[in-house]
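The values are calculated or read from the model by the stated rules, or taken from the named source; none is laboratory data. The structure presented is a predicted model; accordingly, all values stated were derived computationally and were not measured. In this analysis, Cβ positions are derived from the backbone assuming ideal geometry, glycine residues included, and neighbour counts consider all displayed protein chains. The protein model used for the area step is the full one, side chains on, heavy atoms only, and it has no ligands, DNA or RNA in it. Shrake-Rupley method; radii C 1.70, N 1.55, O 1.52, S 1.80 Å.
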Amino acid sequence: MTSARSFGNYDLAAALADLIDNSITARAKNVWIACRYNGGDPAVSITDDGEGMSPDRLEEAMRPASSNPSEERSPDDLGRFGWGLKSASFSQCKKLTVISRKSGIAHGAEWDLDAIEDWSMGILEAGEVDAIATHEFPADHGTEVTWSNCDRLSENWKISSQAFNELIVHAMHELALIFHRFLEGKVDRQKLKIHFNGQALEPFDPFHTSHNATQPLECEPLEVSGSRVEIRPFILPHFSKLKEHEHERLGGREGFLKNQGFYVYRNNRLIIHGTWFGLVKHAEMSQLIRISVDIPNTMDDMWKITVDKSDAQLPSVLRMRLKQIVAGLRQRSTRVYRQRAGRINDPTTEAVWTRYTRNNEIQYRVNRDHPIVAQHLSSDSGKEASAVMKLIERNFPVSSFMDDTALRPERLAQTAASRREITDLLEATLPRLLHECGGDKQVMSQKLRQTEPFTVNWPVVEEYLQNHGWAA
Ligand SMILES: Nc1ncnc2c1ncn2[C@@H]1O[C@H](COP(=O)(O)OP(=O)(O)O)[C@@H](O)[C@H]1O
Ligand SMILES: [Mg+2]
């Protein structure tokens, strides 16, 4: 039992998710999670209103490897190795107590790794169960798992309340993602509610399908040794179409670049996300691509699902097909970027570059009338600025650029500015610009609206102006 402590690579979210899997399999409608700091000696309880277990079933469930991984499971069963309850719990704590009620009969069992005398499981009778149950523990049927003596979770009782809070916030985000389809009610079962420290978890859809600029592409079903795998690619909206909070949430802690790739769902439960399985690299131009992959629990062996359900490997029979799908998508995602910046022919906007033709010769030049450029040219260091601009124009790497546009256009990321670059530019230039507009914010806003790169990123600019006191 002590060895179960090192199975898998659970963090708090993954450990909780494994218990929620059990609740879902037991057809729970509600799961209540309470994680209390408790002065540095945290206590965690996970309660559900699922079917519950009979006393015999509960004692069986508490044993290691309580089911055989190669046995066929019902198609909506989220379990696998018969280890989850034990390995997830002991990855966080040393004492595991489970109480359950079925057909009105309450029963409890516990393992305490510090006190396993003669290797026996502690048994709790109905009276003892009532004494420890939280007020959420249902009166008719349900199960409650309690973790105490949480040495891992508390980092040997050294964790600060702030660090503990951060863990909780992270776990809430992860669970909102892992179970988003259940929380949205998109799975063929009753909608699931997860109450985390008294707060209802809102589902987090990593594809932002409710946004009208998200491009859902056609679903492709693949047959692999008699099982069906569904591939559904999405291209997320360019940041210029998102509100800042949407952009932050979709990017997550690690940003869009890291979160591109496959999102693998096993029976609708997300097990792995933001990976390309080594098929392609995480690249700037593909950062808007996310592909959901749905697999049934009959393919666990083939996908090499780990005990902690946090990892999987792409079966080799799928590699070729997925690689082709990804290649096609990268072109489309690139287009979302490329269409945006660097246009020079629109007479209504002040572009950064201009194309000059004289005596049959073509030259690309920096537009001296562009407001930010003009600002520099008219400043005290205008002469130097002009010289530097000439230097850049004259040394434009023409032939290398031609090669790239001809041979690998999908990899050109020249104009893929980020939200941050836009706001940095605004921060650096607005004070002078406002001054030049005679202090009139309305005039300044109109000018920005007709100036690259603000024109094509207008929602971002508008939000910045409003949030930083520049709006008229
Ligand atoms: N919340 C729960 N409600 C009802 N039954 C449960 C619950 N948690 C665990 N069980 C029972 O305990 C068994 C063992 O769980 P677990 O160790 O997670 O392994 P697995 O999920 O792979 O079967 C489950 O198969 C199920 O019968
Ligand atoms: Mg399980």
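Test Ser333 against the stated conditions and say whether it is among the small types (Gly, Ala, Ser), in contact with a helix residue (DSSP H, G or I) (Cβ under 7 Å, 6 or more places away or on another chain) and part of a helix (DSSP H, G or I). It is true that Ser333 is among the small types (Gly, Ala, Ser), in contact with a helix residue (DSSP H, G or I) (Cβ under 7 Å, 6 or more places away or on another chain) and part of a helix (DSSP H, G or I).
Residues in segment 361-375 that are aliphatic (A, V, I, L, M) and out of contact with any Ser or Thr (no Cβ under 7 Å at 6 or more places or on another chain): Ile362, Val366, Val373, Ala374.
A count restricted to segment 267-323 and to residues that are assigned to a strand (DSSP E or B) and among the hydrophobic types (A, V, I, L, M, F, W, C) stands at 7. For first residues located in segment 26-40 and outside the structural domain of His170 (by TED's automatic domain parsing) and more than 13 Å from Leu167 (Cβ to Cβ), partners that are within 16 Å of ligand 2 (Cβ to nearest atom) and open to solvent by 20 Å² or more (accessible area, probe 1.4 Å) and lie 6+ apart or on another chain with Cβ distances below 9 Å do not occur. Would you mind stating whether Asn156 is more than 21 Å from Asn30 (Cβ to Cβ), outside the structural domain of Ile305 (by TED's automatic domain parsing), at pLDDT 95 or above and more than 14 Å from ligand 1 (Cβ to nearest atom)? No, not satisfied.
Might you check whether a residue that is in the same structural domain as Gln446 (by TED's automatic domain parsing), of a type in the set (S, T, N, Q) and either open to solvent by 100 Å² or more (accessible area, probe 1.4 Å) or outside any loop (DSSP other than H, G, I, E, B) (or both) occurs anywhere in segment 363-373? Scanning segment 363-373 turns up at least one residue that is in the same structural domain as Gln446 (by TED's automatic domain parsing), of a type in the set (S, T, N, Q) and either open to solvent by 100 Å² or more (accessible area, probe 1.4 Å) or outside any loop (DSSP other than H, G, I, E, B) (or both). State whether the residues of segment 131-139 include one that is assigned to a helix (DSSP H, G or I) and open to solvent by 20 Å² or more (accessible area, probe 1.4 Å). Within segment 131-139 (the criterion being assigned to a helix (DSSP H, G or I) and open to solvent by 20 Å² or more (accessible area, probe 1.4 Å)), the answer is yes, since at least one residue qualifies. In segment 68-100, the qualifying residues are those that are in a loop (DSSP other than H, G, I, E, B), within 15 Å of ligand 2 (Cβ to nearest atom) and charged (D, E, K, R), and the one that is most open to solvent (accessible area, probe 1.4 Å) is Glu71. Of the residues examined, Arg330 is one that is basic (Lys, Arg), in contact with an Asp or Glu (Cβ under 8 Å, 6 or more places away or on another chain) and in contact (Cβ under 8 Å) with a residue 40 or more places away in the chain. Hey, can you tell me all the residues within segment 15-53 that are in a loop (DSSP other than H, G, I, E, B) and within 12 Å of ligand 1 (Cβ to nearest atom)? Correct list: Ala26, Arg27, Ala28, Asp49, Gly50, Glu51, Gly52, Met53.
One line per residue, one yes/no per condition, for (1) at pLDDT 90 or above; (2) surrounded by 12 or more Cβ atoms within 10 Å (Cβ to Cβ); (3) part of a helix (DSSP H, G or I):
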position: Ser400; (1), (2), (3): yes, no, yes
position: Asp404; (1), (2), (3): no, yes, yes
position: Ala428; (1), (2), (3): yes, no, yes
position: Arg432; (1), (2), (3): yes, yes, yes
position: Gly439; (1), (2), (3): yes, no, no
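In segment 3-14, the residues that are surrounded by fewer than 19 Cβ atoms within 10 Å (Cβ to Cβ) form no Cβ pair under 8 Å with any partner that is part of a helix (DSSP H, G or I) and modelled with pLDDT under 90, whether six or more places apart or across chains. Residue count for segment 204-214 under the criterion of being open to solvent by 60 Å² or more (accessible area, probe 1.4 Å) and more than 19 Å from Leu270 (Cβ to Cβ): the result is 1. Residues in segment 406-426 that are surrounded by fewer than 11 Cβ atoms within 10 Å (Cβ to Cβ) and hydrophobic (A, V, I, L, M, F, W, C): 2 in all.
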